[in-house]
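Taking it in order: structure first as structure tokens, then the write-up.
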Amino acid sequence: MAKTLVVNFYDQLNLDFENNKGVVQRVTNVSGKHQRNKIAGYVTKLMRQIKEGKIQTLESLE
């Protein structure tokens, strides 16, 4: 789910966990706080990898 979010909502996401947590809450129907935070944490990790050049294209996430 996190990879799909990065591909579809890349322009709304960044390296800030709190921002990504809000985006996950807005665009998904995840009900649990623990699950939302795990997804937001992985999204933040993916965004950091994109910034560092470890992930070259968003298509490679699909």
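Just a few scattered comments:
- Qualifying positions in region 40-62 - of a type in the set (Val, Ile, Thr), at pLDDT 85 or above and part of a loop (DSSP other than H, G, I, E, B): Ile55
- Each residue in region 1-18 was checked for being within 14 Å of Asn37 (Cβ to Cβ) and either modelled with pLDDT under 95 or surrounded by 16 or more Cβ atoms within 10 Å (Cβ to Cβ) (or both), and 3 pass.
- Enumeration of residues in region 11-21 that are part of a helix (DSSP H, G or I) and either of a type in the set (A, V, I, L, M, F, W, C) or under 8 Å from the mean Cα position of the chain (by Cα) (or both): Phe17, Asn20
- Region 40-62 residues that are surrounded by 15 or more Cβ atoms within 10 Å (Cβ to Cβ), paired with ones that are among the basic types (Lys, Arg) (beta carbon under 6 Å, 6 or more apart): Ala40/Lys21; Leu61/Lys3
The values are calculated or read from the model by the stated rules, or taken from the named source; none is laboratory data. Nothing here was measured: the structure is a model prediction, and the numbers come from that model. Reconstructed Cβ throughout: ideal geometry from the backbone, glycine too, with neighbour counts over all protein chains shown.
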